[in-house]
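Below is one structure, written out as structure tokens; comments come after it.
The values are calculated or read from the model by the stated rules, or taken from the named source; none is laboratory data. In this text, all values refer to a predicted model and were calculated from it rather than measured experimentally. All Cβ positions, even for glycine, are placed from backbone atoms using ideal geometry, and neighbour counts span all protein chains on display.
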Amino acid sequence: MNGLAALLNMQVHYISFSAHADYAQMSTFLKELMPLDIVLVHGEANELMRLTQKLFTEFPDGNTRIMNPKNCESVEKYFTLEKMEKTIGRLAEKTLDVGDSVSGILVKKGFTYQIMAPDDLHVFSQLSTGTVTQRITIPLSGAFGKHISLQWSSDPISDMVSDPIVALVLNISREVPKIVVEEEVDNGKLVISVDDNVAHLDKESGDVESEHDGLNERVRVAFHRIQSAVKPIPLSAD
């Protein structure tokens, strides 16, 4: 050890080594796995560049994307997840054949999807079902009041039935009466004109005079119904 140089009786090879695995181990692992993307992080810049170039020679087909992002540089990767729904509760009691349809409520919790009957919702989840009751009040000019109220439990079928009913009531309210009282003559008779046919109605006796037999009968019946509707109801004797 006097400071003289001694002959080196050995061979020196450069080995790329990291804290986790050396290149031989890592390249063997990647060849067996054949990933679509390789992201190199956490290393010295020059060493990572050498590793990147070496990996390009190991995967020359171009099917594997090799990325070497810098610090704070984002890498975007899109994943496709196969969704599978499982039927539970009452829906799972019956064995279905291929092509059969399943009707229920789809509940997602995390990455799992479950199809269950509405009655099982409170059993297999913290959710509960509810009912929406709709009520609409429509102005109506008639003998029984000033409006009509329609109430139903909302669902697709009930809503489909209620819509034409509401339209019918609104159409009745907009209709113009077909029989119009034009004038009252001096002798206490009403002159009623319907489709160019004239009828004279005596308010006291209820007699109707008209050359049209159909109009005569219609006015007479209508007048008698009006009298019956407005006639006071007698009180029963105790």
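Worth pointing out:
- Options Ile233, Ile172: the member that is at pLDDT below 85, loosely packed, with under 11 Cβ neighbours inside 10 Å and not hydroxyl-bearing (Ser, Thr, Tyr): Ile233
- Count of the stretch 190-201 residues which are over 14 Å from Ile226 (Cβ atoms) and assigned to a strand (DSSP E or B): 7
- The listed residue being closer than 30 Å to Val166 by Cβ, of a type outside the set (A, V, I, L, M, F, W, C), without any contact (Cβ under 8 Å) to a residue 40 or more places away in the chain and surrounded by 10 or more Cβ atoms within 10 Å (Cβ to Cβ), out of Thr137, Thr87: Thr137
- Extreme residue, farthest from Lys94 (Cα to Cα), among residues of the stretch 126-161 that are of a type in the set (S, T, N, Q) and under 20 Å from the mean Cα position of the chain (by Cα): Gln134
- Scan of the stretch 26-42 for residues that are surrounded by fewer than 12 Cβ atoms within 10 Å (Cβ to Cβ) and assigned to a helix (DSSP H, G or I), ordered by number: Thr28, Phe29, Lys31, Glu32, Leu33
- Pick from the stretch 90-124, criterion among the charged types (D, E, K, R) and more than 18 Å from the chain's Cα centre (by Cα), ranking: surrounded by the most Cβ atoms within 10 Å (Cβ to Cβ): Asp120
- The listed residue being more than 30 Å from Ser162 (Cβ to Cβ) and in contact with a helix residue (DSSP H, G or I) (Cβ under 9 Å, 6 or more places away or on another chain), out of Val123, Val98, Val102: Val123
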